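Working notes, beginning with the structure itself.
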Amino acid sequence: MTADGIVGEFLALKSETDADLLAMQCGDFYEFFAEDAEFVGDELDLKVSEKSSHGSTYPMAGVPVDDLTPYLKALVERGYRVAVADQYETADGHAREITRVVTPGTLLETTDPAAQFLAAVVAVDGRYGLALADVTTGKFLVTTTDSAAEVIAELHRFDPVEVLPGPTVREGANDVLARVRDRTDASVTDHDEAAFAPGRAERALREQFGDAALDSVALDERAGIAAAGAILAYVEETGTGVLEALTRLQTYDSGDHLDLDATTQRNLELTETMHGDRDGSLLGTVDHTVTSAGRRRLREWLTRPRRDRTVIDRRLDSVGALAAAALARDRVREVLGDAYDLERLAARATSGSADATDLLAVRETLGVLPALAEAVSDSRLADSPLPGIVDRPDRETAAALRAELDAALAADPPKTVTEGGLFRRGYDDELDDLLDRYEEAREWLDGLAAREKERTGITHLQVDRNKTDGYYVQVGKSETDAVPEEYREIKTLKNSRRYTTDELEEREREVLRLEEARGELEYDLFRELRGRVAERAELLQTVGRTLATVDALASLATHATSQDWCRPAVVEPGPLVVEAGRHPVVETTTDFVPNDVDLRADRGFLLVTGPNMSGKSTYMRQAALIVLLAQAGSFVPARSATVGVVDGIYTRVGALDELAGGRSTFMVEMQELSNILHSATEESLVVLDEVGRGTATYDGISIAWATTEYIHNEIGCKCLFATHYHELTALADHLPRVENVHVAVAGEDADDEDITFLRTIEEGPTDRSYGVHVADLAGVPSPVVDRSRDVLDRLREERAIEARGAETGGGDDGGTTQAVFDLDAGTMRTRTGGDADASTESGDGASTESGDGASTERLDVSPDAEAVLDELEDVDVESTPPIELLSKVQSWQRRLDEPE
C-alpha cells in the first residue's frame, strides 16, 4: 500500500537508509510509524496509537524531542541501528531529512562502563587488517596479521559491539565472518565496499590525523590502512558527530602481549563464566576499582597480559607499594572515587554533545589529579613508579583548564544549554550587563503585587506567569469591583479573574527579550568554552588514562592484601614453580587446598591423573591463571611463585556440541587440539584436560599418546595434561621431560564408597579414576551403582560378566550372557545360554550376537581346560617357588594335550 502525507514522508525517508528503524521529528515529538511503531512499542513498552493518513490508518508511537536519547540508547544497545530525521524550517514551512544514523559502535550516550569498540576486519593480499575504535573514549587501534585465528582471538579479547567486515571477509568469501558471529555478540554491518579501498582509506586517515600520522605510527600495510580508513568513513557517514573524538591513531603488535585465543579466554573464564555471568569470572573476582575507566583498564590488562618484563615489573612494583602502604592506598582510592570518566567526557566535548554538567564533571576530575599527586608523593608510595605515572599528564595545563572552567560555570547549571543559567557572574562583561538589566526587570515584577495591593487596597491580589497567559495580575472574585480602570481582563476563573496592563505587557516584553538575549549569548559562550575543552581532548584522555591506571593498580593491590597473594618472581626465560598455589576465583568461595606446581626444564610436561571431580581441572586452570596474572602485573594466589614469561597460553578443557555448525563434540575437541598444536611454541604453556575421550577407547588413547609425544618432542613447551588413559603414564619412563603427578585419594585400597578425595597433588601416577564413586555422589540410582561396581570388578579381574536381560529378572539362569573383555584383542568375548560363545567388537562397527545365539566367533573350551584355567587363577605367581611353578605348568600342558 502506498501512503501519502506524513506517513508517506516517513516511509520515503525510511527507504533511503539501511537502518533498522527511523525516528522522524514531527514538531515536539519524534514519531515512529507503521512496522517501526509496532516494533518500538514492543521493545520499549511505548503506547501505540493510530495515525490516519489520506483514508488509511497506520500504527504510530512517539517520544518527546527532549527524551529521544534514552530511547535511542535502549534500542542501539540491543543491537539495532536507528536513523534520525530532524525537522527544519523552510520558506514553505518545514521539511525533514535524515541527519544521523546511531549504531552500536557510534553511540556516545552509553551508561555501560565497558569499552564500546567498533571493529573493521579486512583481508588484503593474504593479510588481515583489524582496526578497533571506541568513539566513547577516542581510542583507535590498528594491527595486521596473517592468521584468521588471531583476528578471532583479538575480536574476542576486545569484545566489539559492532563489526564492519570488508568485502572479502563477508559470508561466502571467507569463514572469518561466520566465526565472528559465532564467538561474539557484536552486530555485523555491511558497510559500503568502496570505503575499504586502500587508497581512499589512506586519504581519510591523513585528513583525520595529518599527513605524517601513518609514518609516525609505522602503519604501512594495505590491510591495516583499509580497516582503519573504513572505520573513519563509517563514523562520518552515520553523522553522529563522533569523528572528532578519534584524536590519536595507535598501531599495536599482538606479539607484545600474551597470546590468548578465544577458546582459552572462554575456558579460563577471564571476563565471564561459561554461563555468561560476570560474577565468578576472574575479572569479577579481582575488580575493586572505583571508576569505570579503571574497570576498563583492568579488563584490558587481564585479557591482554604483557610479555615485556620491564612493563610487568613496573606494574608489580606499583602493586607491591600499594599493597604495603594500606593507609596511602585507602587515600588514593578515596581520591579516585571523586573522578568521572574523563576519556568519555573528552569524546562528548569533541563531538559537541557535552552539556554544562559534563564540563562540571571535567572540572571536578581535573581537580583529582593534584590531590592524587599529593596522596602519592606524601606517603610511602613516593619511592614507587606511581609518582612517574601521575606525572605523565601536563599538570600545569590541566590546572589552567580547571581554573577556567571553575571561573566560568555556575555551581548548579541546568542540563539544557540554550536557556541561560550556565555561567557565573564576572565571566563575561556583556553577559553581566544583560544579567543586571534582567534582574532589574525581574525586581520590578517581583515587587508589583505588593505595590498594587498598597495602591488599590485589594488584599487577594497576586502576580504570576504561565506559558499561556504570560505575566498577569490575578484578583479574587470578591474584590474584582475594586480593580483600577487600566486593568484589562484576560481570563475568568471559578474564583478569580486575571488582568494585564500596558506597563505589565511592556515589562514582560522586556523580560522576554532579555531572557532570549541571555540564552543566545550564554549558548554562544558555552560553545566557545566547550570548543576550548575539546581542543584539550588529548590532555583529558591522558589524565583519564592516568587515573584509570592508578585505579587498576590499586584494585590489584586491594585484592592481593585481602587474599594474601604474593609477588611472583618473573623471569625470562624460566620455569613455572609455584608453592602452595590456589585458584584465584575458587578460593573465594570454598576452603581451598593449595598445591604446588613444578614445571622446570627437566620436567616441563606433567601428566595429571586421578579421580573424576578430584580437582585436576582446577589445578591446571589455577596454574594457567597464575601465569596470566603474573604477566598482567598482578600478585598471585600462592605462598611463592617463580613464573617464566610465556608467549601464549593455550587450553583445551571440555567441549560443547556445535551441531548447528555441523561440528560434534569430538570434532570441536579435535579442532581445538589442532589449533594448539599449530600455534604453540617452545615458550608457550599448554593445558589439556582430556584428549581423545569423545571417540572409541583405542582411537582416543592413540591420539592422546601421539599428542604427548608431539608436544614433548616437536614443540617442547610447558604442558599440563590431565587424562584418564592410565596407559599414558608409561611415557614418563621413556620421555625425559614427562613426569607423572596425581590427585591423592584416601582409602585407595578400599571399596569405592569408602574413599575420600584429598585435592592434593602428589608425585607419581594413579591407575584408577573412581568414576563409579562419582556416579554415586551424583545420585545415580543404587541398583545402577551397585551393578557398576560388580561389572568393574569383573573387568579388572578379566572374569566373565553376566549380561542380565529383562527375561531373567537379573538372575543367573535362563537367558543370561557371560562376557569377558579381551584387552589384547579389544573385544568382548561372550557365552550365551551356557554353550554358545560370541565375539562382539568394541567400538564403531561392532558385531553383535543374533537372537538365535549365532555369533561371529565360537569358543570350544573343554571341562579339562576350564579346570586348568581355574587352577591358574588360583596360583600366586609371585610367591610360588620357580621349580614348583614349572612343575605345575608341565602338568597343565600334559592334561591339555591328552585326547578327550
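The values are calculated or read from the model by the stated rules, or taken from the named source; none is laboratory data. No experiment lies behind these values; they were computed from the predicted model shown. Don't worry about glycine lacking a Cβ; one is built from the backbone with ideal geometry, like all the others, and counts go over all protein chains shown. These accessible areas exclude ligands, DNA and RNA; they are computed on the full protein's heavy atoms, side chains included. Shrake-Rupley method; radii C 1.70, N 1.55, O 1.52, S 1.80 Å.
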- line: When Glu419 is run through (1) in a loop (DSSP other than H, G, I, E, B); (2) within 30 Å of Val543 (Cβ to Cβ), the failure sits at (2)
- request: For the stretch 348-359, indicate whether the set of residues that are open to solvent by 60 Å² or more (accessible area, probe 1.4 Å) and either touching an Asp or Glu at 6+ places or on another chain (Cβ under 8 Å) or part of a loop (DSSP other than H, G, I, E, B) (or both) is non-empty.
  value: no
query: Taking the stretch 405-416 as the search range and keeping residues that are within 39 Å of the chain's Cα centre (by Cα) and surrounded by 17 or more Cβ atoms within 10 Å (Cβ to Cβ), which one is nearest to Gln541 (Cα to Cα)?
result: Leu405
- line: Within the stretch 255-283, restricting to residues that are surrounded by fewer than 19 Cβ atoms within 10 Å (Cβ to Cβ), among the small types (Gly, Ala, Ser) and in contact (Cβ under 8 Å) with a residue 40 or more places away in the chain, the one that is nearest to Asp86 (Cα to Cα) is Gly280
task: Mind counting the residues in the stretch 588-617 that are open to solvent by less than 50 Å² (accessible area, probe 1.4 Å), closer than 17 Å to Asp733 by Cα and in a helix (DSSP H, G or I)?
output: 1
- line: Filtering the stretch 220-245 for residues that are part of a loop (DSSP other than H, G, I, E, B) and open to solvent by less than 50 Å² (accessible area, probe 1.4 Å) leaves a count of 4
task: Determine whether the stretch 64-72 contains at least one residue that is open to solvent by less than 30 Å² (accessible area, probe 1.4 Å) and touching a residue at least 24 places away in the same chain (Cβ under 8 Å).
output: yes
- prompt: Where residues in the stretch 220-236 are in contact (Cβ under 8 Å) with a residue 40 or more places away in the chain and more than 28 Å from the chain's Cα centre (by Cα), which of them is nearest to Ser254 (Cα to Cα)?
  reply: Glu221
field: Residues being open to solvent by less than 60 Å² (accessible area, probe 1.4 Å) and touching a strand residue (DSSP E or B) at 6+ places or on another chain (Cβ under 6 Å) - total across the stretch 158-173
entry: 8
field: Conditions (1) closer than 18 Å to Thr609 by Cα; (2) among the small types (Gly, Ala, Ser); (3) at pLDDT 90 or above; (4) open to solvent by less than 40 Å² (accessible area, probe 1.4 Å): number failed by Gly692
entry: (3)
field: Residues satisfying the stated conditions in the stretch 367-384, i.e. of a type outside the set (Gly, Ala, Ser) and buried (at least 17 other Cβ atoms within 10 Å of the Cβ)
entry: Val368, Leu369, Leu372, Val376, Leu381
query: Would it be correct to say that Leu155 is crowded, with 21+ Cβ neighbours inside 10 Å, within 28 Å of Leu108 (Cβ to Cβ) and modelled with pLDDT under 90?
result: yes
message: Is it the case, given these coordinates, that Arg392 is in contact with a Ser or Thr (Cβ under 8 Å, 6 or more places away or on another chain) and either under 26 Å from Gln541 (Cα atoms) or in contact (Cβ under 8 Å) with a residue 12 or more places away in the chain (or both)?
response: yes
query: Hey, among Gly62, Gly55, which residue is more than 33 Å from the chain's Cα centre (by Cα), farther than 17 Å from Glu162 by Cα and at pLDDT below 90?
result: Gly55
task: Sort through Val390, Val362, Val368 and tell me the only one that's of a type in the set (Val, Ile, Thr), under 35 Å from the mean Cα position of the chain (by Cα) and over 28 Å from Glu109 (Cα atoms).
output: Val390
- request: Determine the pairs where a residue that is in contact (Cβ under 8 Å) with a residue 12 or more places away in the chain and farther than 30 Å from Ala534 by Cβ, located within the stretch 322-348, has a partner that is open to solvent by 10 Å² or more (accessible area, probe 1.4 Å) and among the basic types (Lys, Arg) with Cβ atoms under 6 Å apart, the partner being 6 or more residues away or on another chain.
  value: Leu322/Arg329; Ala325/Arg380; Ala328/Arg380
field: Filter pass, Asp20 being under 30 Å from Asp192 (Cβ atoms) and not hydroxyl-bearing (Ser, Thr, Tyr)
entry: yes
- request: Determine if the stretch 702-710 includes at least one residue that is among the small types (Gly, Ala, Ser), within 27 Å of the chain's Cα centre (by Cα) and closer than 20 Å to Met620 by Cα.
  value: no
- request: Run down Thr542, Thr492, Thr549, Thr500 and say which single residue is touching a strand residue (DSSP E or B) at 6+ places or on another chain (Cβ under 6 Å) and over 21 Å from Pro637 (Cα atoms).
  value: Thr500
query: Residues in the stretch 425-446: is at least one assigned to a strand (DSSP E or B) and either surrounded by fewer than 17 Cβ atoms within 10 Å (Cβ to Cβ) or not basic (Lys, Arg) (or both)?
result: no
message: One residue is enough: does the stretch 473-483 have a residue meeting the conditions closer than 28 Å to Leu366 by Cα and open to solvent by 30 Å² or more (accessible area, probe 1.4 Å)?
response: no
- request: For the stretch 13-46, name all the residues that are within 15 Å of Gln87 (Cβ to Cβ) and either open to solvent by 60 Å² or more (accessible area, probe 1.4 Å) or in a helix (DSSP H, G or I) (or both).
  value: Leu13, Asp28, Phe29
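Condition check ((1) of a type outside the set (Asp, Glu); (2) modelled with pLDDT of 95 or more; (3) farther than 20 Å from Arg315 by Cβ) across all residues:
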{"residue": "Arg331", "(1), (2), (3)": "yes, yes, yes"}
{"residue": "Arg344", "(1), (2), (3)": "yes, no, yes"}
{"residue": "Arg363", "(1), (2), (3)": "yes, yes, yes"}
{"residue": "Ala382", "(1), (2), (3)": "yes, no, no"}
{"residue": "Pro385", "(1), (2), (3)": "yes, yes, no"}
{"residue": "Ala399", "(1), (2), (3)": "yes, yes, yes"}
{"residue": "Leu405", "(1), (2), (3)": "yes, yes, yes"}
- prompt: Within the stretch 514-531, can one find any residue that is open to solvent by 30 Å² or more (accessible area, probe 1.4 Å), in a loop (DSSP other than H, G, I, E, B) and of a type in the set (D, E, K, R)?
  reply: no
- prompt: What number of residues within the stretch 184-219 are under 28 Å from Val76 (Cα atoms) and open to solvent by 70 Å² or more (accessible area, probe 1.4 Å)?
  reply: 4
message: Being open to solvent by 10 Å² or more (accessible area, probe 1.4 Å), among the hydrophobic types (A, V, I, L, M, F, W, C) and more than 17 Å from Ala339 (Cα to Cα) is the filter here; which residues of the stretch 532-569 pass it?
response: Ala534, Trp565, Cys566, Ala569
